[in-house]
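The values are calculated or read from the model by the stated rules, or taken from the named source; none is laboratory data. Model, not experiment: these values are computed from the prediction. Using ideal geometry, Cβ is built from the backbone for each residue, glycine included, and neighbour counts are taken over all protein chains shown. For the accessible areas, the whole protein counts, side chains as well, though only heavy atoms, and no ligand, DNA or RNA atoms are used. Shrake-Rupley method; radii C 1.70, N 1.55, O 1.52, S 1.80 Å.
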Amino acid sequence: MSMPHVIGRKVMLREYRIEDLVPIRRWVNDPAVVESLSDIFLYPHTLESTEAYVRAMMEPRPDCRGFVIADAQTELYIGQINLDAIDWKNRVGRIGIVIGSPEQFGRGYGTEAMRLLIAFAFDQMGLNRLELEVYDFNERAIRCYRSCGFREEGRLRQKLFKNGRYVDVIPMGLLRSEWLASRSRTEARDPE
């Protein structure tokens, strides 16, 4: 089953492809990339487990919509952004995002991908709430999420042990009504 591409200025959100296995293998065991991801990356990932993940993401599932963040012109893999644990009754989705190489950090790919996914989730999927979790030391990600409209919804103090110390986990959320209000303020400032 193919899905339409969601196209932005620099990036597009597209379906997973088997050839994405190669760039995913480059980052999946890279400490510089996985340090801010969940503990499923605590131990090395085998080629077989990465391939099983890519194949699973290529199969439609009602509770998950996975997107590769790709270069808008070449469609080459930059990272991935997934909506998982979708709760259709309550219209809630949880976002996970990764940019696959430190050389790609800080170029705005994650922010643009996040904005594209937010618009898709609210406009096309009819979700009402998006949520995510971020570690307190990941200041770059926190800035990105705030700039996209997410708000901190508390702090799970010393929830994880990372790099020799306990870190806080910060749950963040964005409501469709907040996103719509922000979008109308932006459109009022920047009429075309």
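At a glance:
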quantity: Of VAL92, VAL11, LEU116, farthest towards positive along the dipole that unit charges on Lys, Arg, Asp, Glu beta carbons give the chain; calculated: VAL92
quantity: Å³ per residue enclosed by the Cα convex hull of the stretch 51-161; calculated: 142 Å³
quantity: DSSP-loop trypsin sites (Lys or Arg not before Pro) across the stretch 79-170, with at most 13 other Cβ within 10 angstrom; calculated: LYS89, ARG107, ARG155
quantity: Total charge dipole magnitude, the stretch 23-116, about the Cα centre, Cβ charges on Lys, Arg, Asp, Glu only, Debye to nearest 20; calculated: 320 debye
quantity: Dipole magnitude of the chain about its Cα centre (Cβ charges: Lys, Arg +1; Asp, Glu -1), debye to nearest 20; calculated: 500 debye
quantity: Accessible area in square angstrom per residue, the chain, 1.4 angstrom probe; calculated: 57 Å²
quantity: Cut-off 9 Å between beta-carbons: net charge of the residues surrounding ASN128, Lys and Arg +1, Asp and Glu -1; calculated: +3
quantity: Whole-percent carbon and sulfur share, accessible surface of the chain, 1.4 Å; calculated: 51 percent
quantity: Gaussian network model of the chain, springs between alpha carbon atoms under 10 Å - residue of ASN29, ASN128, ASN163 with greatest fluctuation; calculated: ASN163
